[in-house]
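**Q** Shown below is the structure under consideration.
The values are calculated or read from the model by the stated rules, or taken from the named source; none is laboratory data. Fair warning: this is a prediction, and the values are worked out from it, not measured in the lab. In this analysis, Cβ positions are derived from the backbone assuming ideal geometry, glycine residues included, and neighbour counts consider all displayed protein chains. Calculation scope for accessible area: heavy atoms of the full protein, side chains included, ligands and nucleic acids excluded. Shrake-Rupley method; radii C 1.70, N 1.55, O 1.52, S 1.80 Å.
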Amino acid sequence: MRFIILILFLSTQFLFHLELIYAQNPNISVSGFITDAVTGEALIGTNILVYKDSLNVNEPPFTGSSANRYGFYVVPSLQNGVYIFIFRHIGYKSTVRQLSLLGDTTYQTLHIEMVADSIQLDEVVVEGKKNEKKISSLIDISPELLAKLPTISGEVDLFKSLSMLPGVNQASDISSGLYVRGGSPDQTLTLVDGAIVYNPAHLGNIASTFNSNALGDVRLIKGAFPAEYGGRLSAVLDITLKSGTKEKEKGIIGIGLINSFASFEGPLSEKSTYMVSGRAMYYDLFQENFRTSSKVPRYNFVDLNGKVNLLLSEKSTLSISALYSKDHAYSPPIISETDYDIAWNNLNLSLNWQQVNTKSLFLNSIFSFVNYDFSSKIGVNPTSVTSYTYYSNSNLRDLNYRQNAEIKWHQNHTFKTGLEIYLHSYNLVYSDVYSDILENDPYAIDDITSIESSLYFQAESQFTPELWANYGGRLYYFNEQKFLSFDPRISLAYSFNENLILKGAFAIIHQFIHFLVRNDITLPTDLWYPSTSFIDPSKSTQFVVGLSSYWNDQEYMFSIESYYKDMTGLYEFVNNPQLDPINKNIEEQFTEGNGESYGIELFLNKTKGRLTGWIGYTLSWTKRQFAELNNGKLFYPRYDRRHDISVATAYKIYNNLNISATWSFATGQWYTLPPGQFIFDPIGTGGGSEVQFNYSDINTTQFPSYHKLDLNATYNFLWFNSEFETYVNLYNVYSRDNPFARYVVLEENDNGELVPVVKQITLFPFIPSIGITVRW
């Protein structure tokens, strides 16, 4: 606790002295927020060109800047005089303002509301904003421009789109998050308005827990990310929700065969707006009525997103965001060999306070609360609903405070700093067998509390017109182990010309929470477990190098990027773990090891014209080694994929008629198939001999290669002054049986002998769906 108080004190003193130094600068700074004139949404990445005395576009501008993720910009180091500001953003009319800087002022406010251009560019931008091209492994995505891709639900499918990118995949149709460059899903930091989401996807990644109609901005960094992000080893997915339009009430309602959704937004007052969005999927009802003999898991989900935005003053904004989702997957009644009941839900609340002081120092304060539950009940040859052979129920609650500060003290130099404090609380119940008594027995609950804090410093500098750098570090303190570490980060980019950029990055990163799954069970057994006084934090050292090329007026982009990631402090279950909830011995069932992943990614993207889309290919290796697993030998985890190919394309037939297709192929995931069995004779008089399987070897077998084709067609029309869209989706067109689980059971053969038999569960077959959406 004393160290946390010290971090707060040092951060406060640093910001005070930073302001003092900046205040001594006699130059003038112009700053403000750039927003959409209708919706009030921040226009991220807007370019600002500044000319002195007069406007001459044939000459280079006197200086310039760009807007950050909150639409805030600063043009520093100006002298008294007359300046012409030009604001440019794709899809918006350029805005020109003349500003006279006179007198002794050191600070001038200029807020800009930009008007959308009536002529919209026909493009799907995946790696977009020009000022962001120099950041290694960064992908900025505009959700509106992904609406052309096919989905099972008839709306923008964020996670499906992300999984079509090189280096990003899902281990199987059952995966609950993004697997980025060989990292497990817990190694991707997912933020929604600053709050962590532990399980950001619905079953099989058919949709993310964020309603696409609620998304404002999406940023994915696939590795070696800057110091402003921390606590995860592999990647960052940073999402901002819409604030709600300030012009008038707007809405969208969609009704489909297996799902429906709705979204509403509008002004609450002159200085406040709201947005609320929700979805429901009822695929299990469809199965029960039309596919009664199907062995596909029964499944349903519901999610809600909401946000209220308040303009407190010209320099201060407050927003309150909420996210809730609930999923349930359970075995169909036709299956007799196994039974499962898997459920999870997210609740995220965040308060975000943005303010700008008189010295153009941008401050962002975030308070968040997270509550995540996951329950997994799995069994073989059950005689009743309570005869599961594995049971876990984990509840995670986080309280988080984050303070960020950003100051642009020179045209080519921006400095960021901030602190983070997490209070983690975990309640865990686990057992080899399920009993309803366990769910309510306080003696079976394992309570764990830990405190994690960090302080970061980060600079973004343009040293020459060709050389750009992002460098800094993050200081961690973990209370349970009195653990103190400094993680350096650096990213460099060199532009040979406007269309050829060489990039590289290096980072050391720590993570204080672990994601464990049973290697002997292929159904979901997700168990999140924190670092404790006995469980060390994970550590990763990463290297990234890549080259990006643009041509034909940047209609095409090609990139090649390679990476290497070394990981220590990884945890897995031991072979044949014995989970005893009464003695709370779960940490004794963990074993620590190391891992590495490396690969190369190719990406070709066409962004303009009637035909748009991309082709991605990844060649990668992911390895793990544990002294107590697989006889100490290297093995491939289930999310290792040697080859991964993705094709996404959209074609505009007419202005109101679009067709699209996605196809993906990946090497089959690894899983553990027992090579043999043995007879277990219990000591004493209780019980008879039992046949048990030998799971000493890890991931010795692969599923068949994964591949799937999806098609989509949308037609837009006006009716009664409202916008309608009808859609037809063909999910898994050739009904590929991609397995998500295999397991071994004993069955009696014709001779009355018990013999082992491999069973398989597949997820979604060919699913046609139609629906209609109305906007007003």
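**Q** Considering only residues that are under 30 Å from Gly609 (Cα atoms) and small (Gly, Ala, Ser), look in the stretch 521-556 and name the one that is most open to solvent (accessible area, probe 1.4 Å).
**A** Among those that are under 30 Å from Gly609 (Cα atoms) and small (Gly, Ala, Ser), it is Ser549.
**Q** From Phe764, Phe717, Phe724, Phe678, grab the single residue that is in a strand (DSSP E or B) and at pLDDT below 80.
**A** Phe678
**Q** When residues of the stretch 609-637 are filtered for being outside any strand (DSSP E or B), open to solvent by less than 60 Å² (accessible area, probe 1.4 Å) and of a type in the set (Gly, Ala, Ser), how many remain?
**A** Selection size over the stretch 609-637: 2.
**Q** Now for a separate question. With the checklist (1) within 24 Å of Arg397 (Cβ to Cβ); (2) open to solvent by less than 40 Å² (accessible area, probe 1.4 Å) in hand, flag the one item Lys482 doesn't pass.
**A** (2)
**Q** Could you pull out every one of the strands (runs of 3 or more DSSP E) wholly within the stretch 33-103 that has 2 or more residues that are farther than 24 Å from Pro465 by Cα?
**A** Result: 81-88, 95-101.
**Q** Now for a different question. Limited to the stretch 186-208, what total is found for residues that are part of a helix (DSSP H, G or I), closer than 20 Å to Ser325 by Cα and modelled with pLDDT of 80 or more?
**A** Residues meeting the conditions: 1.
**Q** Using the structure shown, decide if Phe506 is crowded, with 17+ Cβ neighbours inside 10 Å and closer than 26 Å to Asp447 by Cα.
**A** no
**Q** Here is a follow-up. Which of the residues spanning the stretch 82-118 are of a type in the set (D, E, K, R) and touching a residue at least 24 places away in the same chain (Cβ under 8 Å)?
**A** Here is the first cut: in the stretch 82-118, the ones of a type in the set (D, E, K, R) are 88, 93, 97, 104, 113, 117.
Listed by number, the residues that qualify are Arg88, Lys93, Glu113, Asp117.
**Q** Confirm whether His424 is of a type outside the set (Asp, Glu) and modelled with pLDDT under 85.
**A** No; evaluated as a whole, the condition is false for this residue.
**Q** Could you say whether any residue in the stretch 460-470 is over 26 Å from the mean Cα position of the chain (by Cα), buried (at least 19 other Cβ atoms within 10 Å of the Cβ) and either modelled with pLDDT of 90 or more or not aliphatic (A, V, I, L, M) (or both)?
**A** So far as the stretch 460-470 goes, yes, one or more of its residues are over 26 Å from the mean Cα position of the chain (by Cα), buried (at least 19 other Cβ atoms within 10 Å of the Cβ) and either modelled with pLDDT of 90 or more or not aliphatic (A, V, I, L, M) (or both).
**Q** Count, please, the residues in the stretch 239-251 that happen to be over 21 Å from Arg279 (Cα atoms) and in contact (Cβ under 8 Å) with a residue 60 or more places away in the chain.
**A** Here is the first cut: in the stretch 239-251, the residues over 21 Å from Arg279 (Cα atoms) are 246-248.
Now restrict to residues that are in contact (Cβ under 8 Å) with a residue 60 or more places away in the chain: 246-247.
Residues in the stretch 239-251 being over 21 Å from Arg279 (Cα atoms) and in contact (Cβ under 8 Å) with a residue 60 or more places away in the chain: 2 in total.
**Q** Just give me the residues in the stretch 752-775 being of a type in the set (D, E, K, R) and under 22 Å from Tyr330 (Cβ atoms), in sequence order. Spell out the reasoning first.
**A** So in the stretch 752-775, the residues of a type in the set (D, E, K, R) come out as 753, 759, 775.
The one that is of a type in the set (D, E, K, R) and under 22 Å from Tyr330 (Cβ atoms): Lys759.
**Q** Just to be sure I understand, how many residues within the stretch 638-670 are closer than 19 Å to Phe603 by Cβ and either open to solvent by 40 Å² or more (accessible area, probe 1.4 Å) or free of Cβ contacts under 8 Å to residues at least 40 places away in the same chain (or both)?
**A** Within the stretch 638-670, residues that are closer than 19 Å to Phe603 by Cβ and either open to solvent by 40 Å² or more (accessible area, probe 1.4 Å) or free of Cβ contacts under 8 Å to residues at least 40 places away in the same chain (or both) number 8.
**Q** Against the definition (in contact (Cβ under 8 Å) with a residue 24 or more places away in the chain, surrounded by fewer than 21 Cβ atoms within 10 Å (Cβ to Cβ), of a type in the set (Lys, Arg) and in contact with a Phe, Trp or Tyr (Cβ under 6 Å, 6 or more places away or on another chain)), how does Lys606 come out, yes or no?
**A** Yes, satisfied.
**Q** Looking at Leu257, Leu241, Leu310, Leu285 in this structure, which one is modelled with pLDDT of 90 or more and either aliphatic (A, V, I, L, M) or in contact with a Phe, Trp or Tyr (Cβ under 6 Å, 6 or more places away or on another chain) (or both)?
**A** So the residue among Leu257, Leu241, Leu310, Leu285 that is modelled with pLDDT of 90 or more and either aliphatic (A, V, I, L, M) or in contact with a Phe, Trp or Tyr (Cβ under 6 Å, 6 or more places away or on another chain) (or both) is Leu310.
**Q** On to the next question. State whether the residues of the stretch 314-329 include one that is of a type in the set (Phe, Trp, Tyr) and farther than 30 Å from Ser365 by Cβ.
**A** No: zero hits.
**Q** Continuing with this model, one more query. Please list, ordered by residue number, the strands (runs of 3 or more DSSP E) wholly in the stretch 510-558 having 2 or more residues that are closer than 30 Å to Asn499 by Cα and aliphatic (A, V, I, L, M).
**A** Values: elements: 513-516, 527-530, 538-551.
Qualifying strands (runs of 3 or more DSSP E): 538-551.
**Q** Cβ contacts < 9 Å: first residue under 23 Å from Val192 (Cα atoms), restricted to the stretch 290-305; second residue among the small types (Gly, Ala, Ser) and assigned to a loop (DSSP other than H, G, I, E, B), any location; separation 6+ or different chain. Result?
**A** The qualifying pairs are Phe301/Ala207; Asp303/Ala207.
**Q** For Ser336, indicate whether it is part of a strand (DSSP E or B) and either buried (at least 19 other Cβ atoms within 10 Å of the Cβ) or at pLDDT below 85 (or both).
**A** When the stated conditions are applied, Ser336 does not pass them.
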